[in-house]
Amino acid sequence: MKIVILSDDYLPNSTRVHAKMLHELALEFTARGHKVIVVTPGCWQQDNKVVIDNIDGIEVWRFKSKPTRGVGKVKRAINESMLSLRAYFALKKMINEQQIDLCVNYSPTIFFGPLAWYLKNKGAYVYLILRDFFPQWIIDQGMVKEDSLIVRYFRFFEHLNYNTSNCVAVQSPANLVIFEKMYSNHENACVLMNWIKSKPISLSDVVTKEQLGLKGKVVLFYGGNIGHAQDMTNLMRLAKNLKNYEQAHLLLIGQGDEFELVQETVSSWNLTNVTLLPSVSQDEYIKIVAGMDIGLFSLSSRHSAHNFPGKLLSYMVESLPILGSVNGGNDIIELINESGAGLVSVNGNDDIFLKNAVKLIDDQLRRNQMGVNSFNLVNKLFSVESAANKILSQVDS
């Protein structure tokens, strides 16, 4: 088959987990004899409407586009809204010369729906990988009102995505229940877990705690998006509650719209047990993860959907025990706790979050065993091979 993957970000420059996930999926498809083309935004400064490059045998079409990160919410909405239109005018001739059999549309963003619709009308099966319910989550956060004009605008593209797709793949069984309840007129949903290539890096490549100036510390590592959906204040409260545990230190690496909030909170609360660093390359990121003690994550208590953050998979591949705090009812709580891969509690229960953290900080044997369980879990449920199997079997059914 000839497969097109639509993504708002891609390697080698992306620091986002989904860019790495999609590259691993593209490599898996290629290993099975399929031809893969990734369509993704390039930059506004590029000379040509389309720049074609090759990464590990994967052909990447980068169409000229304005930035959708670090430009403010209004500009981001405008620039994302233009993604399909800019891609269409840049790539129409190239697309028409291809027989596309499968379009894998990764969301977020919701704005590749029109391009997916065009590919579907050219004969492609459209498989939507839906990782969050947008705009629902910004409504849950109180950032916009349900009946506002902007939400109606977003809902139009959201439903265009669902209506265009032959299959909508949410990331957990609990999300499937929510999707079927919220969007009962869409009967094309299934579950597709996140995935990763389960291959730990070699010990010689690990960035040690000593190299980061954290020698002798038990490091709770958080990596990825630093934004509203993650409720970074939740992690700051944990750091504040851990101030009496001298061996504990939080290391946060990433980017997002709450980066400055974290900086200000660290300063105003005098959190000497927190280090905040900007994003690093994918290669450097995993080298840092491998040298840490505990994989940390947080999700806002206001979420109605159930997110399984992709960052957890890189923690698990490197055998880190998981420490988390998430929205109530999220099936990740049961999955992590019952598998013995870590300790996850409900956001807002700060005492339990602290107790779980202390259990891991004070007990290296517990950390080691949960790390083993964490690695076993990722191999059992979150392999890139199983993701590819699920997608291709859906197309063939």
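Of the candidates 263, 247, the single residue that is surrounded by fewer than 19 Cβ atoms within 10 Å (Cβ to Cβ), modelled with pLDDT of 95 or more, among the polar types (S, T, N, Q) and closer than 28 Å to residue 140 by Cα is 263. The set of residues in region 19-68 that are open to solvent by 60 Å² or more (accessible area, probe 1.4 Å), assigned to a loop (DSSP other than H, G, I, E, B) and either in contact (Cβ under 8 Å) with a residue 60 or more places away in the chain or of a type in the set (Val, Ile, Thr) (or both) contains only 32. Being part of a helix (DSSP H, G or I) and buried (at least 19 other Cβ atoms within 10 Å of the Cβ) is true of residue 361. Looking at the structure I just gave you, is residue 16 at pLDDT below 95, open to solvent by less than 50 Å² (accessible area, probe 1.4 Å) and farther than 27 Å from residue 393 by Cα? Yes. The residues of region 221-249 that are hydrophobic (A, V, I, L, M, F, W, C), within 21 Å of residue 328 (Cα to Cα) and touching a Phe, Trp or Tyr at 6+ places or on another chain (Cβ under 8 Å), listed by number, are 226, 229, 235, 236, 238.
Put simply, of 86, 131 the only residue that is under 17 Å from residue 41 (Cβ atoms) and among the basic types (Lys, Arg) is 86.
Test residue 352 against the criterion of being touching a strand residue (DSSP E or B) at 6+ places or on another chain (Cβ under 7 Å), among the β-branched types (Val, Ile, Thr), crowded, with 23+ Cβ neighbours inside 10 Å and not in a loop (DSSP other than H, G, I, E, B), and give yes or no. So residue 352 fails the test. Among the residues making up region 323-335, a single one is at pLDDT 95 or above and among the hydrophobic types (A, V, I, L, M, F, W, C): 323. The set of residues from region 78-102 being part of a loop (DSSP other than H, G, I, E, B) and either more than 15 Å from residue 6 (Cα to Cα) or in contact with a helix residue (DSSP H, G or I) (Cβ under 9 Å, 6 or more places away or on another chain) (or both) comprises 97, 98, 99, 100, 101. When region 160-202 is filtered for residues that are free of Cβ contacts under 8 Å to residues at least 24 places away in the same chain and either exposed (fewer than 15 other Cβ atoms within 10 Å of the Cβ) or part of a helix (DSSP H, G or I) (or both), the ones remaining, listed by number, are 163, 176, 177, 180, 181, 184, 185, 187, 191, 202.
Of the residues that make up region 321-332, is at least one assigned to a helix (DSSP H, G or I), out of contact with any strand residue (DSSP E or B) (no Cβ under 7 Å at 6 or more places or on another chain) and either within 29 Å of residue 201 (Cβ to Cβ) or open to solvent by less than 10 Å² (accessible area, probe 1.4 Å) (or both)? So far as region 321-332 goes, no, none of its residues is assigned to a helix (DSSP H, G or I), out of contact with any strand residue (DSSP E or B) (no Cβ under 7 Å at 6 or more places or on another chain) and either within 29 Å of residue 201 (Cβ to Cβ) or open to solvent by less than 10 Å² (accessible area, probe 1.4 Å) (or both). Has region 312-319 got any residue that is touching a helix residue (DSSP H, G or I) at 6+ places or on another chain (Cβ under 7 Å), open to solvent by less than 20 Å² (accessible area, probe 1.4 Å) and farther than 13 Å from residue 374 by Cβ? No. Scanning region 278-300 for residues that are out of contact with any Ser or Thr (no Cβ under 8 Å at 6 or more places or on another chain) and open to solvent by 20 Å² or more (accessible area, probe 1.4 Å) returns 278, 283, 284, 287, 290, 293.
The values are calculated or read from the model by the stated rules, or taken from the named source; none is laboratory data. It should be emphasised that the depicted structure is a prediction, and the values quoted were computed from it without experimental measurement. Note that each Cβ is placed from the backbone with ideal geometry, even for glycine, and that neighbours are counted across all protein chains shown. Remember, those area values only see protein heavy atoms, side chains included, never the ligands or the DNA or RNA. Shrake-Rupley method; radii C 1.70, N 1.55, O 1.52, S 1.80 Å.
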